[in-house]
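Peer 1: Quick one: the structure is below, questions incoming.
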Amino acid sequence: MFGFVQANINDLSKEQQIRYKSIYCGVCHALSKRHGIASSFGLTYDMAFLAALLSSLYEPKETETESKCIAHPFKTHKYISNKYIDYTADMTVALVYFKCIDDWNDDHSIKAKSYASLLEKAYKNVKELWPNQCEIIETELSNLSEIEKENTDASADLAANNFGRLMAGLFVVEKDIWSNYMYAIGYGLGKYIYLLDAFLDLEEDIKKNSYNPLKNFQLTDDDLRITLKLFLGQASNAFEMLPLVQDEEILKNIFYSGIWSKFNNNLQQKKEKNNDK
């Protein structure tokens with residue numbers, strides 16, 4: 001779906017790379033086990049980050065297993081299981097389900113409609129388990145749809161705030177002293193994800209005459225970087241308040257380095273394209 005919140009693998013130690021991949025694979029296995037193999041195709045690095053963050057904050061009992069799977073049919077690999085990895089698998093189903101519905105409504109994508117049909121039963125199960133989170137997703141996406149239809153100059157801020165609230169709702173699992181910090185992290189990351197996704201889709205959306213909140217603005221790359229830094233600054237202030245020990249270095253790698261990968265890669269591609277002219 002998005003996959004913006006990922007690690008800068010080259011800056012992780014070998015041990016950290018194995019641990020990071022085992023969390024990512026853990027979410028994948030949880031998806032297949034809880035919701036069927038088809039659901040695992042919706043796996044994203046964003047949800048792997050949430051799994052790692054929740055696991056680091058609350059340090060639940062976890063198990064480490066080695067197995068083969070469809071993605072790795074000839075080689076065993078390690079994966080982690082715990083209750084927060086299960087939770088992020090459930091939230092993945094919810095997000096992907098509604099992303100498919102959105103793609104069908106916007107572009108009449110048969111592929112998206114078919115995948116939504118495959119996930120419909122799984123989403124109903126998730127909604128029974130996590131009614132509050134699913135209500136937030138449905139409410140904020142409904143509001144987001146209305147904002148996009150109005151398409152005013154204020155839509156970029158309003159839409160980003162909507163998606164920020166959606167992600168914030170997913171980041172708050174436990175009602176405790178860390179809830180406000182987790183909400184702030186999710187809110188800032190949600191705004192970052194929404195705006196960066198719009199930026200990366202801008203050229204294609206202009207060609208297709210599709211909605212994009214940035215179409216009405218003449219933002220330079222530097223302007224956008226400043227805005228994205230502001231959103232991440234809001235999240236990082238809260239992130240630094242959490243008592244993280246397990247996987248702290250992996251999470252910091254993602255938060256302060258890896259998260260910029262797609263933005264920086266896009267700028268590099270633009271530079272190379274301009275040099276070829």
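The values are calculated or read from the model by the stated rules, or taken from the named source; none is laboratory data. These numbers come from a predicted model, not from an experiment. No Cβ is skipped: glycine too gets one built from the backbone with ideal geometry, and neighbour counts run over all protein chains shown. Areas reflect the complete protein model, heavy atoms only, side chains present, ligands, DNA and RNA absent. Shrake-Rupley method; radii C 1.70, N 1.55, O 1.52, S 1.80 Å.
Peer 1: For helix 261-276, report the angle its Cα long axis makes with the longest principal axis of the Cα atoms of the chain; keep it between 0 and 90° and round to the nearest 10°.
Peer 2: Taking Cα atoms only, the helix is inclined about 40 degrees.
Peer 1: Taking a ≥ b ≥ c as the square roots of the Cα gyration tensor eigenvalues, with a/c under 1.5 meaning rounded and otherwise prolate when a/b beats b/c, else oblate, which class fits region 149-277?
Peer 2: Working: a/c = 2.83, a/b = 1.49, b/c = 1.90.
Oblate shape, in that a/c is at least 1.5 and b/c is the bigger or equal ratio.
Peer 1: While we're looking at this one, here's another question. Using helices alone, I'd like the mean residue ellipticity at 222 nm for the chain: each DSSP H run of four-plus residues gives -39500 (n - 2.57), total over residue count, nearest 500.
Peer 2: Numbers: 10 runs with 192 residues, N = 277.
One gets -23500 deg cm²/dmol as the mean residue ellipticity at 222 nm.
Peer 1: Normalised by the number of residues in the chain, what is the relative contact order in percent for Cα pairs under 8 Å and 6+ residues apart?
Peer 2: RCO, the chain: 22 percent.
Peer 1: Continuing with this model, one more query. Would you please give the FRET efficiency between Arg225 and Lys149, computed as 1/(1 + (r/R0)^6) with r the Cβ-Cβ distance and R0 = 30 Å, to the nearest 0.05?
Peer 2: Numbers: r = 29 Å, r/R0 = 0.97.
After rounding, the FRET efficiency stands at 0.55.
Peer 1: Find the percent of Cα-Cα distances in the chain that exceed 25 Å, and round it to a whole number. Display every interim value, and only then the final one.
Peer 2: On the way: 18047 of 38226 pairs.
Above the 25 Å cut-off, the chain has 47 percent of its Cα pairs.
Peer 1: Give, rounded to the nearest 20 debye, the magnitude of the charge dipole that the chain has about its Cα centre when Lys and Arg contribute +1 at Cβ and Asp and Glu contribute -1 at Cβ.
Peer 2: Values: 31 positive and 39 negative charges, 173 e Å.
My answer is approximately 820 debye.
Peer 1: With the cut-off at 1.5 for a/c, could you classify region 1-70 from its C-alpha gyration tensor as rounded, prolate or oblate? The partial results should precede the final answer.
Peer 2: Details: a/c = 1.44, a/b = 1.26, b/c = 1.15.
Because its axes are fairly even, with a/c under 1.5, region 1-70 counts as rounded.
Peer 1: How much accessible area per residue does the chain have, counting only protein heavy atoms and a probe of 1.4 Å, in square angstrom? Working shown, then result.
Peer 2: Details: 14490 Å² over 277 residues.
Using a 1.4 Å probe on heavy atoms only, each residue of the chain averages 52 Å².
Peer 1: May I ask for the net charge around Leu251, where only other residues with Cβ less than 12 Å from the Cβ of Leu251 are counted and Lys, Arg are +1 while Asp, Glu are -1?
Peer 2: On the way: positive: Arg19, Lys252; negative: Glu240, Asp247, Glu248, Glu249.
Within the 12 Å Cβ shell, the charges total -2.
Peer 1: Let me ask you something else. Under a Cβ-only charge scheme (Lys and Arg +1, Asp and Glu -1), can you give me the dipole magnitude of region 1-138 about the Cα centre, in debye to the nearest 20?
Peer 2: On the way: 16 positive and 17 negative charges, 118 e Å.
With Lys and Arg at +1 and Asp and Glu at -1, about 560 debye.
Peer 1: While we're looking at this one, here's another question. Based on the Kirkwood radius over alpha-carbon pairs, what is the Stokes-Einstein translational diffusion coefficient of region 107-217 at 4 °C with 1.567 mPa s viscosity, in µm²/s? Please list the in-between numbers first.
Peer 2: Details: Rh = 15.5 Å.
My calculation gives 84 µm²/s for D.
Peer 1: Helix 221-239 sits at what angle to the longest principal axis of the chain, using alpha carbons and giving 0 to 90 degrees rounded to 10?
Peer 2: The two axes meet at around 30 degrees.
Peer 1: Rounded to the nearest 10 Å², what accessible area does Lys78 show when all protein chains are kept and the probe is 1.4 Å?
Peer 2: Accessible surface of Lys78 is approximately 80 Å².
Peer 1: So the label point goes 7 Å from the Cα of Glu272 along Cα→C-beta, right? Which residues of region 1-28 then have their backbone N under 20 Å from it?
Peer 2: Inside the label zone: 4, 8-11.
Peer 1: Does anyone have the angle between helix 45-58 and the longest principal axis of the chain? Alpha-carbon axes, 0 to 90°, nearest 10?
Peer 2: For helix 45-58, the angle is close to 50 degrees.
Peer 1: Output the pairs from Lys99/Lys149; Lys208/Lys270; Lys124/Lys175; Lys61/Lys229 with a Cα-Cα distance over 26 Å in this structure; if there are none, say none.
Peer 2: Details: Lys99/Lys149 17 Å; Lys208/Lys270 20 Å; Lys124/Lys175 24 Å; Lys61/Lys229 35 Å.
Over 26 Å Cα-Cα: Lys61/Lys229.
Peer 1: So if each residue of separation counts as 0.36 nm, and I subtract the Cα-Cα distance between Lys68 and Asn209, what length gain in nm does that give? Spell out each step's value before the answer.
Peer 2: Values: separation 141, 0.36 × 141 = 50.76 nm, distance 4.39 nm.
Between Lys68 and Asn209, full extension yields an extra 46.4 nm.
Peer 1: Further question: Could you look at the chain and say what percent of its accessible area is carbon and sulfur, using a 1.4 Å probe and all protein chains? Please list the in-between numbers first.
Peer 2: Working: 7260 of 14490 Å².
Here carbon and sulfur together make up 50 percent of the probe-accessible area.
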